[in-house]
Amino acid sequence: MVKTVRKVLDGFYWIMAREGMLPDSNIFLVQDEDRFVLFDAGIHHFFTDTCQAISELGLNLKQLDRLILTHTHLDHSGSTPEFLRDAKDCEVWVSEEEGTLLEQGDDTIVLGSMLGQRLPPISIAKKLQEGDVITVGNYSFKVLHTPGHSAGSLCFFEPQQQLLISGDVVFRHGSFGRVDFPTGNGAVLKESIARLAELPVEMLLPGHMGIATKGGKREIQLSLQFARQVL
Ligand SMILES: [Zn+2]
């Protein structure tokens with residue numbers, strides 16, 4: 001069953017996670033001339049549904065240029081081998097910390113064994129670091145290293161649009177990422193959220209649940225307030 005797709009901005013789409021018994025993540029598709037980039041891959045169980053959503057946008061996997069992961073938990077990374085199999089010249093970009101583990105086929109952060117799919121070693125074309133800038137079509141994303149949910153969690157901030165792809169660091173309605181998985185750390189997550197709360201964010205695009213098209217900064221501040229109470 002095809003996933004629901006919503007337009008976020010021109011050439012920028014939200015492929016909604018199919019959350020249920022199995023975890024899945026939101027995927028953000030950004031067009032770059034006749035190619036496109038995905039932020040997060042979603043879980044492998046829903047790969048076919050994701051592909052149908054992509055084809056409904058008039059695109060096919062041969063046009064997939066880059067797969068950029070916010071972090072490597074299986075619900076975000078699980079479809080990576082399938083995308084690499086079907087795409088042509090697709091690169092995988094991920095944080096330095098977690099990229100090295102993916103190349104080694106190390107499951108520590110991915111948690112594939114727990115969720116029924118061990119990823120094979122994946123070659124990483126670019127290991128992203130704090131301050132890198134990623135240009136996709138008309139958009140330029142600043143890479144923010146925001147650990148706490150996992151050691152190599154990244155957020156991507158687009159200053160022109162005041163838009164933040166926040167992975168599992170912060171969600172809407174005061175929610176934030178869990179810290180009980182390997183390399184998770186509550187004190188570190190609070191620092192990361194505090195940093196995000198300073199940014200002029202209007203649109204908040206998290207890895208799970210809904211997106212906010214307005215008032216993203218307020219949502220992040222609420223997450224910070226709750227995180228300070230419970231972490
Ligand atoms: Zn996660």
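Laboratory data are not the source of any read-out in this text; all were calculated from the coordinates shown. This is a predicted model, so every value here is computed, not measured. Here the Cβ positions follow ideal geometry from the backbone for every residue, glycine too, while neighbour counts run over all protein chains shown.
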Legend entry - Selection status of Phe157, at negative phi, away from the ligand (no atom under 13 Å from the Cβ) and either in contact with a Gly (Cβ under 9 Å, 6 or more places away or on another chain) or not aliphatic (A, V, I, L, M) (or both): yes
Inset, instruction - For the range 42-49, state whether one or more residues are away from the ligand (no atom under 16 Å from the Cβ) and touching a strand residue (DSSP E or B) at 6+ places or on another chain (Cβ under 8 Å). - result: no
Inset, instruction - For the range 132-166, enumerate the residues that are β-branched (Val, Ile, Thr) and within 18 Å of Glu191 (Cα to Cα). - result: Val143, Thr146, Ile165
Legend entry - Among the candidates Lys142, Lys217, residue that is over 27 Å from Glu91 (Cα atoms), touching a Pro at 6+ places or on another chain (Cβ under 8 Å) and more than 16 Å from the ligand (Cβ to nearest atom): Lys217
Legend entry - Residues that are over 15 Å from the mean Cα position of the chain (by Cα), farther than 13 Å from Gln129 by Cα and within 16 Å of the ligand (Cβ to nearest atom), drawn from the range 64-102: Leu101, Leu102
Inset, instruction - Filter the strands (runs of 3 or more DSSP E) completely within the range 132-215 down to those with at least 2 residues that are surrounded by 24 or more Cβ atoms within 10 Å (Cβ to Cβ). - result: 154-158, 163-167, 203-206
Inset, instruction - Could you please find all residues in the range 97-112 being surrounded by 14 or more Cβ atoms within 10 Å (Cβ to Cβ) and either in contact (Cβ under 8 Å) with a residue 24 or more places away in the chain or among the polar types (S, T, N, Q) (or both)? - result: Glu97, Glu98, Gly99, Thr100, Leu101, Leu102, Thr108, Ile109, Val110, Leu111, Gly112
Legend entry - Members of the range 1-21 that are closer than 23 Å to Met114 by Cα and touching a residue at least 24 places away in the same chain (Cβ under 8 Å): Ala17, Arg18, Glu19
Inset, instruction - Identify all residues within the range 120-131 that are of a type outside the set (Gly, Ala, Ser) and either closer than 18 Å to Ser77 by Cβ or crowded, with 16+ Cβ neighbours inside 10 Å (or both); write none if there are none. - result: Pro120, Pro121, Ile122, Ile124, Lys126, Lys127, Leu128
